[in-house]
Amino acid sequence: MVSRVIPVDPFDLVVFGATGDLARRKIIPALFRRFCAGQMPDTARIVGAARSAIDTAAFREQVRAAIGEFGGGRDCPHDTMQGFLSRLDYVCIDARGTAGWSELAALLPHDRVRAFYFSVAPGLFGDLAARIHRHGMASAQTRIVVEKPFGHDHATARALNHELAEHFDEGQIYRIDHYLGKETVQNLMAVRFSNVLFEPLWNSQYIDHIQITVAETVGVGGRGEYYDKSGAMRDMVQNHLMQLLCLIAMEPPSRFDPDAVRDEKLKVIRALDPVAPHHIVRGQYEAGSDGAPGYREAVGDPRSKTESYVAIKANISNWRWAGTPFYLRTGKRLKARSSVINVVFKTLPHSIFGPDAGGGANILSIRLQPNEGITLRVTIKEPGPGGMRLIEVPLDMTFAEALGPEGGDPPDAYERLIMDVIRGNQTLFMRGDEVEAAWRWTDPVIAGWTGRGEAPKPYASGSAGPDAAEEMLRRDGRQWRGINP
Ligand code: BG6
């Protein structure tokens, strides 16, 4: 399958924090791949801006190295690198001072699409926004892109929204949740809203419960300082898992346009019940048998109570979902990297084959990564004579097989999202009220366990997480679908 490249208008993209980790790992390689794909117009320019006192030549060398390390373009000829590097400029800038700002403004002479990517600590968002404005770089065609963490709680997220709103309209602010840029996450909407098959069954009358799992094998690595102040709840649940929950649970938007989609997502978040303490399990990984450090060692705090794993039973109080729980879990250093949504349908009201014939509930599994695809577990007759015995079999579609190589090797989320910024399409970005609503649900959960002084339960690295998470479902007569590679 050959992907279609839809050209975008000429643009200037300024990346603040251009020498930082996110820029090197994700933003720059994504831009390079779009360049290789032929999506970048001839006059598009990228300006790196950071504190480091380097010149454009040195920045280009850093970019070359980053692309080499973190993934160049597929099928990208060697000399294409030169072409890409020639699009780059660099300005040494002081986000809180005056140095570099006039120089930056001079590099952006045209009033055309101008995007400013804030790949910096949130504490600098307001300073950057104010200076872009002050130096005459904010026009109707200007957009700003901000990364998570968008706040630490509701109050800080709200304050950030206010700071940005002083200089930019909501329609100019692109809050990234990179999960929304993943092909398979967008596919959730395609599966739900382009097939007549699922939507009539998509409610508490037919669905017993839904499980959303985002399991990682990596630990906190070198991000201990940030992570220990966040934990899995802030790092993953408040944003990525909430977004998955919204896409699975929302009402069909009237159109696939930014506000129609985001209005429906917001309604889901607002309909979430507060979470009872016995519907939460927190865990913290221990040292691995492979010699990898345990969580506390990794973050350098032998008494840390921060969770690297969390499982939650969430309830959405609306007509569609009352009575169908959503079980969310995410954790680090688990036994496999596996992001999957399991929609577990109810069992039949009555089996004409009798209670001993076998068979089970239909389960729709949507594998987000890796091994992207969809499996529907259906019940059929076991072949052979000897009466009507039923067995469950998977109706399996792996995208790589069904769609060819591109189905199994989709573009990185950042490629899609950055091009959407240039196109001015906010559908896959979080609106300010959405982020605030997500924090409003998350804050009391965190305040609850902090107030109770609870420590997370230890779990073995390479396991499926704490036993208590299994127990939480067992109490409901259910079980987690396995974390499978
Ligand atoms: C980030 C979190 O937002 O998402 C990380 O901060 C996490 O802790 C990462 O590892 C997971 O993203 P992905 O794309 O690898 O599933």
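The values are calculated or read from the model by the stated rules, or taken from the named source; none is laboratory data. Remember, predicted model here, so these are calculated numbers, not experimental data. Neighbour counts are summed over all protein chains in view; Cβ atoms, including those assigned to glycine, are modelled from backbone coordinates with ideal geometry. Calculation scope for accessible area: heavy atoms of the full protein, side chains included, ligands and nucleic acids excluded. Shrake-Rupley method; radii C 1.70, N 1.55, O 1.52, S 1.80 Å.
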Within region 94-118, residues over 15 Å from Ile173 (Cβ atoms) and among the hydroxyl-bearing types (Ser, Thr, Tyr) come out as Thr98, Ser102
Filter region 165-191 down to the residues that are touching a Phe, Trp or Tyr at 6+ places or on another chain (Cβ under 6 Å) and at pLDDT 95 or above, then identify the one that is nearest to the ligand (Cβ to nearest atom).
Arg175
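What do you reckon, is Glu147 touching a strand residue (DSSP E or B) at 6+ places or on another chain (Cβ under 8 Å), within 16 Å of the ligand (Cβ to nearest atom), farther than 17 Å from Ile248 by Cβ and modelled with pLDDT under 95?
yes
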Restricting attention to region 302-316, which residues are open to solvent by 10 Å² or more (accessible area, probe 1.4 Å) and either touching a Pro at 6+ places or on another chain (Cβ under 7 Å) or assigned to a strand (DSSP E or B) (or both)?
Lys305, Lys313, Asn315
Do we have any residue at all in region 155-164 that's polar (S, T, N, Q), closer than 30 Å to Ala215 by Cα and within 16 Å of the ligand (Cβ to nearest atom)?
no
Being within 20 Å of Glu216 (Cβ to Cβ), open to solvent by 50 Å² or more (accessible area, probe 1.4 Å) and touching a residue at least 24 places away in the same chain (Cβ under 8 Å) is the filter here, so list the residues in region 446-485 that pass it.
Lys457, Pro458, Ala460, Arg481, Asn484, Pro485
Taking region 347-359 and keeping residues touching a residue at least 24 places away in the same chain (Cβ under 8 Å) and either surrounded by 14 or more Cβ atoms within 10 Å (Cβ to Cβ) or under 15 Å from Asn187 (Cα atoms) (or both) leaves Phe353, Ala357, Gly358, Gly359
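Would you confirm whether any residue within region 403-425 is hydrophobic (A, V, I, L, M, F, W, C), open to solvent by 30 Å² or more (accessible area, probe 1.4 Å), over 23 Å from Ile269 (Cα atoms) and in contact with a Phe, Trp or Tyr (Cβ under 8 Å, 6 or more places away or on another chain)?
Filtering region 403-425 for residues hydrophobic (A, V, I, L, M, F, W, C) gives 403, 413, 417-419, 421-422.
Filter once more, so that each one left must be open to solvent by 30 Å² or more (accessible area, probe 1.4 Å): 403.
Keeping just the survivors that are over 23 Å from Ile269 (Cα atoms) gives 403.
Now restrict to residues that are in contact with a Phe, Trp or Tyr (Cβ under 8 Å, 6 or more places away or on another chain): none.
There is no residue in region 403-425 that is hydrophobic (A, V, I, L, M, F, W, C), open to solvent by 30 Å² or more (accessible area, probe 1.4 Å), over 23 Å from Ile269 (Cα atoms) and in contact with a Phe, Trp or Tyr (Cβ under 8 Å, 6 or more places away or on another chain).
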Of the criteria (1) away from the ligand (no atom under 12 Å from the Cβ); (2) part of a loop (DSSP other than H, G, I, E, B); (3) open to solvent by 20 Å² or more (accessible area, probe 1.4 Å), which one Pro200 fails:
(2)
Positions within region 28-51 being of a type in the set (A, V, I, L, M, F, W, C) and touching a Phe, Trp or Tyr at 6+ places or on another chain (Cβ under 6 Å), in sequence order
Ala30, Phe32, Phe35, Ala44, Ala49
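Taking the condition open to solvent by 20 Å² or more (accessible area, probe 1.4 Å) and assigned to a loop (DSSP other than H, G, I, E, B), does Asp9 pass? So that I can check it myself, show each step before the final result.
Working: open to solvent by 20 Å² or more (accessible area, probe 1.4 Å): yes; assigned to a loop (DSSP other than H, G, I, E, B): yes.
Taking the combined requirement at face value, the residue satisfies it.
Taking Val344, is it among the β-branched types (Val, Ile, Thr), within 14 Å of the ligand (Cβ to nearest atom) and either assigned to a loop (DSSP other than H, G, I, E, B) or crowded, with 22+ Cβ neighbours inside 10 Å (or both)? Talk me through it step by step, then tell me what you get.
Numbers: among the β-branched types (Val, Ile, Thr): yes; within 14 Å of the ligand (Cβ to nearest atom): no; either assigned to a loop (DSSP other than H, G, I, E, B) or crowded, with 22+ Cβ neighbours inside 10 Å (or both): yes.
No.
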Conditions (1) within 20 Å of Ile176 (Cβ to Cβ); (2) surrounded by 16 or more Cβ atoms within 10 Å (Cβ to Cβ); number of the one not met by Leu88:
(1)
Check Gly97, Gly73 and return the single one that is on the phi < 0 side of the Ramachandran plot, open to solvent by less than 30 Å² (accessible area, probe 1.4 Å) and modelled with pLDDT under 90.
Gly73
Is it the case, given these coordinates, that Ala361 is away from the ligand (no atom under 16 Å from the Cβ) and under 30 Å from Phe35 (Cα atoms)?
no
Can you name the number of the only condition in (1) open to solvent by 10 Å² or more (accessible area, probe 1.4 Å); (2) within 16 Å of the ligand (Cβ to nearest atom) that Gln205 fails?
(2)
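Residues checked against (1) open to solvent by less than 10 Å² (accessible area, probe 1.4 Å); (2) without any contact (Cβ under 8 Å) to a residue 12 or more places away in the chain; (3) β-branched (Val, Ile, Thr):
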site	(1), (2), (3)
Thr324	yes, no, yes
Thr330	yes, no, yes
Ala361	no, no, no
Pro370	no, no, no
Val378	no, no, yes
Glu382	no, no, no
Gly386	no, yes, no
Looking at region 443-458, can you tell me whether even one residue there is touching a His at 6+ places or on another chain (Cβ under 8 Å) and either more than 30 Å from Ile173 (Cα to Cα) or among the aliphatic types (A, V, I, L, M) (or both)?
no
Qualifying positions in region 213-270 - closer than 18 Å to Ser338 by Cα, assigned to a helix (DSSP H, G or I) and near the ligand (Cβ under 10 Å from one of its atoms):
Ala232, Asp235, Met236, Asn239, His240
